[in-house]
Amino acid sequence: MSRSAVILVRIALLLAVLGAWEVLPRAGVVNPMLLPPLSQVLVVLGEILKRGDFQEAMAVTAAEVLVAFVIAVPLGALLGVLSAENEYFGAIFKPMLFYVFSIPKSIFLPMFILVFGIGFGQKVAYATFSTIFIVIMSASAAVESVKAEYLLVAQSYGATRAQILRRIYVPSMMPILLETLRISMIFNFTGVMIAEMYASRTGVGHMISNWGENFMLPQLFAGVIVLAVAAMAFNELVRYWEARCSTWRG
Amino acid sequence: MKRPSPPTVRRLIGLALLIAWEAVPRLGLLPELFLPPLSKTLAVLWLDSYIYAAALMVTLYEVAIAMLIACGVGILVGAVVGGVASIRNLMLPVFSSLYAIPIVILYPIFTAWFGIGSESKIAFAGVYGFFPVMLSTAAGIRTIDEQYLLAARSMGATLPQLIARVIIPASIPTVLTGLRLGGALTIIGVVVSEMLTSASGIGYLVTMNRTILDSPRVFAAIIVVLALSVAFDIAVRALERYTMVWQSAGRRMASSSTDTSARLATSASAA
């Protein structure tokens, strides 16, 4: 299939799903109480976007996601580079990291609540905790992806440390680093959402879980659409960068 | 002086953590509300063992069914998406985009649809585990060496023979990796959903005891969940070693960017 045909089929599929969302509840095939028709959800979506409390909740959630991201990514990257550069350190901690990986992080959420309460700090702390391990792993993978031959060639031509860093490490690591950004944002966002849904007084996660409990499904679906679109928008933005940077690497 | 070997250091760190868990609250460095001593936690676990066992049974039942759904549907869809080139080009980027959505936001919808009983947990954890299984099955089918297929075809293998003798054995290692991650995610999905809205299961014990500030019982439930996920991990790794004999050398690793992202994305559990 050609590129334009692929895009056309994808658009057709999307329209089919959206059409089914509108038609099935209206025709009574599925209960409109359980799946409100798309048009109704979109009307509600327009209304809640104008509501002051929803805008405030979005601002709180965005701030939590941002602060946790700014803490977790540099810190995790530093630890990851250390464990890749120092063989002994890496040999000790890498298996432990793999082990921590398979553990459900959310089970520690009660500890964060006991220690930090249920405010802003707890959301940031928990989201940082749930993100940092993937950053450590990816950063050390990024360092290890630098080909030893390139380093050898650069060193034998007398490249300085700064030159090696700028000309070899950065271009080689760039695709993986961008991918790390993308995936750690997925983790980070999930962490904030779980924390907000679990125990909170503010944030979009808190709002959608309230709407669910009160069976306000049009509002619930509208909130889920907002969150899903935000998550996918960031993801696609970084993927676009990734595609541009991968041309550097032969 | 010779440096101690990494496994020794790891064991020492583990031991130090256990001792700290006992000593730090006893010495009053942290209030017992934040961290109850290990001995107290284990004593509570022993005392209430029948409550924890009953909750564990509920959780295990939900995990088992969710895992069947996630792995069954995941392998099926993954095989189709990975095996048929036109569907792969069409759908794989779409699935990668959808993977960015924090799936936990769907849980309120599931509770509204299925109630707060086991059904909503099974549905949520099934969806949660589906993606890694599907993505790694698709990647596994794709990384099969073309030459195996060519050799089998030129010896006149039929399609069923090709599937049974070449495709399945060659994709088993990747599929098993997917099962390990997908299984871990279904466990997480069940526990998270039990913590959020529920009236039974281990996750419910965590939340219930947290709201009444009974820290030893919260930590006892945490120990049970950790034991569950570690036991599952050990079981699947044993299965992986057992099937390793089928895997022959020289498997080509695909290196396109969707593959790396599928590998990285599936190599972790977001919750």
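For region B:56-87, taking the residues that are modelled with pLDDT under 85 and surrounded by fewer than 18 Cβ atoms within 10 Å (Cβ to Cβ), the one that is nearest to B:Leu181 (Cα to Cα) is identified as B:Gly83. Against the test of being more than 9 Å from chain B (Cβ to nearest Cβ), at negative phi and over 15 Å from the mean Cα position of the chain (by Cα), the options A:Ser156, A:Ser209 yield a single qualifying residue, A:Ser156.
Considering every residue within region B:145-164, establish whether at least one is more than 9 Å from chain A (Cβ to nearest Cβ), touching a residue at least 60 places away in the same chain (Cβ under 8 Å) and either surrounded by 24 or more Cβ atoms within 10 Å (Cβ to Cβ) or on the phi < 0 side of the Ramachandran plot (or both). Yes, the conditions are met somewhere in region B:145-164. Candidates in region A:162-179 are the residues that are touching a residue at least 40 places away in the same chain (Cβ under 8 Å) and within 8 Å of chain B (Cβ to nearest Cβ); of these, the one that is farthest from A:Val67 (Cα to Cα) is A:Pro175.
Just so you know, in region A:86-134 the residues that are over 27 Å from B:Ile223 (Cβ atoms) and within 11 Å of another protein chain (Cβ to nearest Cβ) include one that is surrounded by the fewest Cβ atoms within 10 Å (Cβ to Cβ), and it is A:Glu87. Hey, B:Thr137 hits all of (1) assigned to a loop (DSSP other than H, G, I, E, B); (2) in contact (Cβ under 8 Å) with a residue 12 or more places away in the chain; (3) touching a helix residue (DSSP H, G or I) at 6+ places or on another chain (Cβ under 9 Å) but one; which does it fall short on? Evaluating B:Thr137 over (1) assigned to a loop (DSSP other than H, G, I, E, B); (2) in contact (Cβ under 8 Å) with a residue 12 or more places away in the chain; (3) touching a helix residue (DSSP H, G or I) at 6+ places or on another chain (Cβ under 9 Å) leaves (1) as the failure.
For region A:103-113, does any single residue satisfy the condition of being farther than 26 Å from A:Ala62 by Cβ and among the charged types (D, E, K, R)? No, region A:103-113 has no match at all.
Of the residues making up region B:82-102, those that are more than 22 Å from B:Val175 (Cα to Cα) and either touching an Asp or Glu at 6+ places or on another chain (Cβ under 8 Å) or assigned to a helix (DSSP H, G or I) (or both) number 0. For region B:36-58, filtered to residues that are touching a Pro at 6+ places or on another chain (Cβ under 9 Å) and assigned to a loop (DSSP other than H, G, I, E, B), the residue that is farthest from the other protein chains (Cβ to nearest Cβ) is B:Pro37. Exactly one residue out of A:Ala5, A:Ala12, A:Ala59 is free of Cβ contacts under 8 Å to residues at least 12 places away in the same chain, among the aliphatic types (A, V, I, L, M), within 30 Å of A:Lys123 (Cα to Cα) and not in a loop (DSSP other than H, G, I, E, B), and it is A:Ala59.
Residues in region B:220-253 that are at pLDDT 80 or above and among the β-branched types (Val, Ile, Thr): B:Ile222, B:Ile223, B:Val224, B:Val225, B:Val230, B:Ile234, B:Val236. Can you tell me which residue within region B:8-35, out of those that are in contact with a Pro (Cβ under 7 Å, 6 or more places away or on another chain) and at the interface with another protein chain (Cβ under 10 Å from one of its Cβ atoms), is surrounded by the most Cβ atoms within 10 Å (Cβ to Cβ)? So, considering only residues that are in contact with a Pro (Cβ under 7 Å, 6 or more places away or on another chain) and at the interface with another protein chain (Cβ under 10 Å from one of its Cβ atoms), the one surrounded by the most Cβ atoms within 10 Å (Cβ to Cβ) is B:Leu35. Contact annotation: no residue pair with Cβ atoms under 7 Å, 6 or more positions apart or on different chains, pairs a residue in region B:88-104 that is more than 7 Å from every other protein chain (Cβ to nearest Cβ) and free of Cβ contacts under 8 Å to residues at least 24 places away in the same chain with a partner that is surrounded by fewer than 17 Cβ atoms within 10 Å (Cβ to Cβ) and not in a helix (DSSP H, G or I). I'd like to check something: does region A:119-134 contain any residue that is free of Cβ contacts under 8 Å to residues at least 12 places away in the same chain and in a helix (DSSP H, G or I)? The answer is yes, given that some residue of region A:119-134 is free of Cβ contacts under 8 Å to residues at least 12 places away in the same chain and in a helix (DSSP H, G or I). Going through (1) under 25 Å from A:Pro110 (Cα atoms); (2) touching a helix residue (DSSP H, G or I) at 6+ places or on another chain (Cβ under 7 Å); (3) more than 7 Å from chain B (Cβ to nearest Cβ) one by one, A:Ile194 falls short only on (3).
Number of residues in region A:218-248 that are in contact (Cβ under 8 Å) with a residue 24 or more places away in the chain and facing another protein chain (nearest Cβ under 9 Å): the value is 9.
The values are calculated or read from the model by the stated rules, or taken from the named source; none is laboratory data. Computed from a prediction, not measured in an experiment: that's the story for all the values here. Positions of Cβ are backbone-derived with ideal geometry, glycine not excepted, and every protein chain shown enters the neighbour counts.
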